[in-house]
1. Show me 108-118, 135-145, 184-194 ranked by packing, highest mean number of other Cβ atoms within 10 Å first.
2. What percent do you get for the relative contact order of the range 86-235 when only Cα pairs under 8 Å and 6+ apart count?
3. For Gly214, what charge total do you get from the other residues with a beta carbon under 15 Å from its beta carbon, if Lys and Arg give +1 and Asp and Glu give -1?
4. Under a crude label model (7 Å from the Cα following the beta-carbon direction), how far is Ser150 from Thr86 in nanometres?
5. Which Rg and Dmax, in Å, describe the Cα atoms of the range 102-182?
6. Report the local net charge at Glu204: Lys and Arg +1, Asp and Glu -1, summed over other residues whose C-beta lies under 10 Å from its C-beta.
7. What number comes out for the charge environment of Ala155, summing +1 per Lys or Arg and -1 per Asp or Glu over other residues with Cβ under 14 Å away?
8. Note down, for the range 86-235, the three equivalent ellipsoid semi-axes (square root of 5 times each alpha carbon gyration tensor eigenvalue), biggest first, whole angstrom.
Amino acid sequence: MSDPYRPGQYNSPDQTTRIPRVTSHPAPPQRRAPEPGNNKTREYVLKGLGLVGVAVVSGMLWWLIQQSGNAPDTSSLSTSTPQPTTKFKFVKHEQVAEPVRDSNCARVSYSKVQDFFEKKPCTEVIRELYTTNVDGKKVFSSVAVVRMSSSADAAELKKLTETNGTGNVNDLVKDGRVKVAGLASLGNGAFAAKISGNDVIIVESDIEGGSKKGDDAKLEEISTDALAFGEQLKKTS
């Protein structure tokens, strides 16, 4: 049995008890909570940028709409027939919206000219009515383009219409399509005709209320001038 008080039972003074070294680790840095004021400032900035973007896009769209609305419409310019160059200023009659077309010339003519069409039918007749003002008087000019099967038939028709008392193609006043005060037809006024290929262009002109003998020269000049509209009518078919 050992003596509890036996020498050597305890460490001598020079013997040091080694105590493990405890290394302290710094605590991990804590994230700093964002200040409430900074979040609101950022939110306001983002909203402001969004509104600016919307305003810019809206402005661009408005500018594009304005540009498209102000852009000239060239479609009608490219398809419209140019006004022929004439001495007198002619205007289409407001009661005739479009040129009047017919494939039966005998039905829209009278006297010997009607008989001619019974034997030698036309392929088409196109009629239009124009007005002009001369010396304070309103003048009506009927323009008809008669299409024949050959140039020989066209020449025969022109010669027939130039002969007095042989009749003609009905003007639109005689046909009752246009009402003019004091006029039942334009056949008592001045006349002009020309051949254009297989077509005969026929013009008759008279003054509202009826012309007088002194008006003949002026009406013949107007009728001759209006022949240019026959060439224009040909381009519409």
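Values quoted throughout were computed directly from the atomic coordinates according to the rules given, and no laboratory measurement underlies them. Everything numeric here is computed off the predicted structure, so don't read it as measured data. No Cβ is skipped: glycine too gets one built from the backbone with ideal geometry, and neighbour counts run over all protein chains shown.
1. 135-145, 184-194, 108-118
2. Answer for the range 86-235 is 25 percent.
3. Working: positive: Lys137, Lys212, Lys213, Lys218; negative: Asp135, Asp206, Asp215, Asp216, Glu220, Glu221.
Every neighbour counted, the sum reads -2.
4. Those two pseudo-labels are separated by 3.3 nm.
5. 13.8, 44
6. -1
7. +1
8. Semi-axis lengths for the range 86-235 are 24, 15, 15 Å.
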